[in-house]
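One structure is given here, and the rest of the page talks about it.
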Amino acid sequence: MENIKAVIFDLDGVICSTDEQHYQGWQALADRLGIPFSREVNNRFRGVSRMACMDILEEIGGKHYTDEEKVEYATWKNDYYRELLGEMSPKDLSEEVKSTLDELRARGYLLTIGSSSKNTRYILQRLGLEGYFDAISDGTNIVKSKPDPEVFLKSADFLSMPYENCLVVEDAISGVEAAHAAGMKAAAVGDAAENNVGDYILESFSDLLRLLPGRNNDLNE
Ligand code: G6P
Ligand code: MG
């Protein structure tokens, strides 16, 4: 861990819990389209881009939609989801997450976001974290979804940070795979931790403070 200088956080399921809102959005769309859906299927959507989720939904339903239809349906789900996100506020940012981030920053780490979500900046704004991170790589600056490493590589590039100096924090199995494809170690929380994937399994977000000691010795570098 001595070589870690930057921590790249996934957003949904790591910094905040938007799982329920995503699930409700997809469930509503699946109901509209007559496709069976469940929380278990929703787990497959973690870390996966919106249009890639739409492809999975089409496959589950055994349907064949045109590209225009898929865009229309994904937009419908997103509008539903955004409406639910509108109810989020800084109260939805857990004290544990905020104090851990603040302490990591005080210890000298750069903190960035690596999320597939195109709603990243909106969610950060709802949580009162607008302008907090040193860089943001999200669904608006990538063409390939996790498990492709693009989103994490870009996050490191935005800081001009070598990839091996970055640690990823993820809740998605696809996200841990993306970190490894980027040549980065991954600390797992949530679903990824429960499935025992990742180089470090965090029982709780603040376990990061045990993994990442102060970087004060860097002052002499
Ligand atoms: C995150 C979530 C996924 C979601 C993706 C795209 O990675 O874990 O479940 O599909 O973002 O989100 P968006 O907000 O752009 O629809
Ligand atoms: Mg996630």
Anything in the range 6-50 that is surrounded by fewer than 21 Cβ atoms within 10 Å (Cβ to Cβ), assigned to a loop (DSSP other than H, G, I, E, B) and free of Cβ contacts under 8 Å to residues at least 40 places away in the same chain? List them, or say none. Gly34, Ile35, Pro36, Phe37, Ser38, Arg44
Residue count, the range 49-83 (criterion: small (Gly, Ala, Ser) and within 11 Å of ligand 1 (Cβ to nearest atom)): 3
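Filtering the range 204-221 down to residues that are among the acidic types (Asp, Glu) and modelled with pLDDT under 95, which residue is surrounded by the most Cβ atoms within 10 Å (Cβ to Cβ)? Reasoning before the result, please.
The initial filter retains those residues of the range 204-221 that are among the acidic types (Asp, Glu), namely 207, 218, 221.
Keeping just the survivors that are modelled with pLDDT under 95 gives 218, 221.
Working: Asp218: 9, Glu221: 5.
Among them, the one singled out is Asp218.
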Among Ser38, Ser89, Ser117, which is the only one that is within 14 Å of ligand 1 (Cβ to nearest atom) and farther than 20 Å from Ser206 by Cβ? Ser117
Determine whether Asn165 is touching a residue at least 40 places away in the same chain (Cβ under 8 Å), away from ligand 2 (no atom under 16 Å from the Cβ), surrounded by fewer than 17 Cβ atoms within 10 Å (Cβ to Cβ) and over 24 Å from Ala74 (Cβ atoms). yes
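For the range 98-107, indicate whether the set of residues that are on the phi < 0 side of the Ramachandran plot, loosely packed, with under 13 Cβ neighbours inside 10 Å and at pLDDT 95 or above is non-empty.
Initially, the range 98-107 is screened for residues on the phi < 0 side of the Ramachandran plot, giving 98-107.
Filter once more, keeping what is loosely packed, with under 13 Cβ neighbours inside 10 Å: 102, 106.
Right, trim to at pLDDT 95 or above and you get 102, 106.
Yes, because at least one residue in the range 98-107 is on the phi < 0 side of the Ramachandran plot, loosely packed, with under 13 Cβ neighbours inside 10 Å and at pLDDT 95 or above.
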For Phe158, only one of the following conditions fails: (1) aromatic (Phe, Trp, Tyr); (2) in contact with a Ser or Thr (Cβ under 7 Å, 6 or more places away or on another chain); (3) assigned to a loop (DSSP other than H, G, I, E, B). What is its number? (3)
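The values are calculated or read from the model by the stated rules, or taken from the named source; none is laboratory data. Note that this is a predicted model, so its numbers are computed, not measured. Please note: Cβ atoms are built from the backbone with ideal geometry, for glycine as well, and neighbour counts cover all protein chains shown.
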